[in-house]
1. Kindly provide the trypsin sites (Lys or Arg not before Pro) of region 79-114 that DSSP labels as loop, not H, G, I, E or B, and whose Cβ sees at most 12 other Cβ atoms within 10 Å.
2. Can you tell me, using C-alpha contacts under 8 Å and at least 6 residues apart, the relative contact order of region 7-61 as a whole percent?
3. For E198 and V102, compute 0.36 nm times the residue count separating them, minus their Cα-Cα distance, and round to one decimal in nm.
4. Once each part is reduced to its C-alpha centroid, what is the distance from region 167-186 to region 90-150 in angstrom?
5. Charges on Cβ only, +1 for Lys and Arg, -1 for Asp and Glu, centred on the Cα centroid of region 7-61; of H29, S14, L46, which one is farthest towards the dipole's positive end?
6. Please report, in whole Å³, the volume per residue of the convex hull around the C-alpha atoms of the chain.
7. V137's amide H: which non-local residues (gap 5+, or another chain) put their own amide H closer than 5 Å, with H modeled 1.01 Å from N in plane and none for Pro or chain starts?
8. Return the loop-located GluC sites (Glu not before Pro) in region 16-81 (DSSP other than H, G, I, E, B) with at most 12 other Cβ atoms within 10 Å of their own Cβ; answer none if there are none.
Amino acid sequence: MTQPLCQSILANVSHHLSDSQKIEIIAKHFELIMETLGLDLEDESLRETPFRIAKMYVKEIFSGLDPSTKPHITLFENKNGYSEMLVEKDIIFNSYCEHHFVPFFGKAHVAYYPHKRIVGLSKLNRIVQYLAKKPQVQERLTVEIGNVIERELQTDDVAVVLEGKHLCIASRGVEDVNSVTRTSYFNGKFAEREIRNEFLKQLDTK
Ligand SMILES: [Zn+2]
């Protein structure tokens, strides 16, 4: 095991490591985990697993830890003066529970009231996906989506609802495969009960 790369040093240097350096270090550590569990790393099927996992962590499921992957948001002038609630629902997200490092996934529904500027709709999906691609808890993911949309769209009138299935609940512990976790974030106009209910009603009409 690479002894000098203990956690505290690693925490400080991780920002300066290249992707391939990160993959190499993670693969070494995962190899040790597998060896400790008594798995045979000579086995053809397992041999490449540490590298596969390391690559998947860095390049895919935790790629949101790299700020350079943040989506670039372009805004357009709200030329038509659209001023009603805009709802983008059923945005698929895939994230990882930071407590157990197993997936949680589901749907995000976001809404906002446009002011002077509007956003390309696919950017809302990209914001959700970017923030999901790191070790997360659903509560924080919900608030982060709300905050980023507020900042990027320059409005406080933002609502977010997340419905997530957690494999740490479904496949271990209480092993409840049916439960869904719903979290929400309401700001600006959405703090008003009537407006919030209008948004929630839209989510129920499939
Ligand atoms: Zn968990």
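Laboratory data are not the source of any read-out in this text; all were calculated from the coordinates shown. Everything quoted here is computed from the prediction, not taken from an experiment. Cβ coordinates were reconstructed from backbone atoms using ideal geometry, including for glycine residues, and neighbour counts include every protein chain displayed.
1. When the trypsin sites (Lys or Arg not before Pro) of region 79-114 are filtered for loop state and at most 12 Cβ neighbours within 10 Å, K79 remain.
2. 42 percent
3. On the way: separation 96, 0.36 × 96 = 34.56 nm, distance 3.42 nm.
Gain on extension, E198 to V102, equals 31.1 nm.
4. For region 167-186 versus region 90-150, the Cα centre distance is 17 Å.
5. So the residue we want is S14.
6. Details: hull volume 32.4 nm³, N = 206.
Considering the Cα atoms of the chain, their hull volume per residue is 157 Å³.
7. Result for V137 returns E98.
8. Values: sites: E24, E31, E35, E42, E44, E48, E60, E77; in loops: E42, E48.
When the GluC sites (Glu not before Pro) of region 16-81 are filtered for loop state and at most 12 Cβ neighbours within 10 Å, E42, E48 remain.
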